[in-house]
Amino acid sequence: DRRSEEEYVRWNKDLNTFNRSLNTAKRSALKNCNSLKAYMELMSRYREGMALSMQGGGAAAIEKHKKRHKLLARERIDQLIDKNTPFLELSPMAAYDTYNNDFPSAGIITGIGIIQGREAMIVANDATVKGGTNMQYTVKKHLRAQEIAMENKLPCVYMVDSGGAFLPEQDTVF
């Protein structure tokens, strides 16, 4: 019967279309799965980098700093800003994956915090990182913080505990 043959052809065509769409969906799902894996790996590396950057100059430098009865840079910032207000840290991973990660956060903490009800740019040297010395990325990060403050009409507060220029790089600092 002619009708049965036409229906069979149409049904077969529909089935082929359906199968192609399933294969496409399968490929897309697999691609999305691979993308998700790549994303999760990237986020894991990011979190590890952030943790490394946030620890400052390491356990020995922190212990030495504490023995001198000094506050760490982030502790100084926490005491400076108004209670229960946020601190928006800028570029916490500056200088990451350079200098064997010996300069976490480029040795300087920069960010925006609220001091006596007013937003301000805060710049604090991290003396646990190479004695608070400045290297090329420290200077770049510091200048960027000043640019942001100027563009947004923010006052700057500097909390300096620095060893000056990192001597092996003094030609790039000045």
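So here's what we get for this one:
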| read-out | value |
| --- | --- |
| Environment charge at residue 125 (Cβ cut-off 14 Å; Lys +1, Arg +1, Asp -1, Glu -1) | +2 |
| Three-way shape label, the range 25-162, alpha-carbon gyration tensor, a/c 1.5 | prolate |
| Neighbourhood charge, 14 Å Cβ-Cβ cut-off, centred on residue 152 and excluding it, Lys, Arg +1 and Asp, Glu -1 | 0 |
| Per-selection metrics, the range 91-159 (Cα): Rg and Dmax in Å | 12.3, 40 |
| Packing rank of 95-105, 52-62, where each peptide gets the mean count of other beta carbons within 10 Å, highest leading | 95-105, 52-62 |
| Hz values of 3J(HN,Hα) by residue in the range 110-124 - Karplus curve (6.51, -1.76, 1.60), Gly and Pro given as x | 10, x, 10, x, 9, 10, 6, x, 10, 5, 8, 7, 10, 10, 9 |
| Euclidean distance between Cα centres, the range 48-67 to the range 98-122, Å | 15 Å |
| Relative contact order for the range 71-174, counting Cα pairs under 8 Å that sit 6 or more residues apart, in percent | 25 percent |
| Surface accessible to a 1.4 Å probe, residue 67 within the full protein complex, Å² | 140 Å² |
| Under 5 Å, built H, 5+ apart or other chain: amide partners of residue 90 | 110, 111, 112 |
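The values are calculated or read from the model by the stated rules, or taken from the named source; none is laboratory data. As the structure is a prediction and not an experimental result, all values here were calculated from the model. Please note: Cβ atoms are built from the backbone with ideal geometry, for glycine as well, and neighbour counts cover all protein chains shown. The area values use the complete protein model at the heavy-atom level, side chains included, leaving out ligands, DNA and RNA. Shrake-Rupley method; radii C 1.70, N 1.55, O 1.52, S 1.80 Å.
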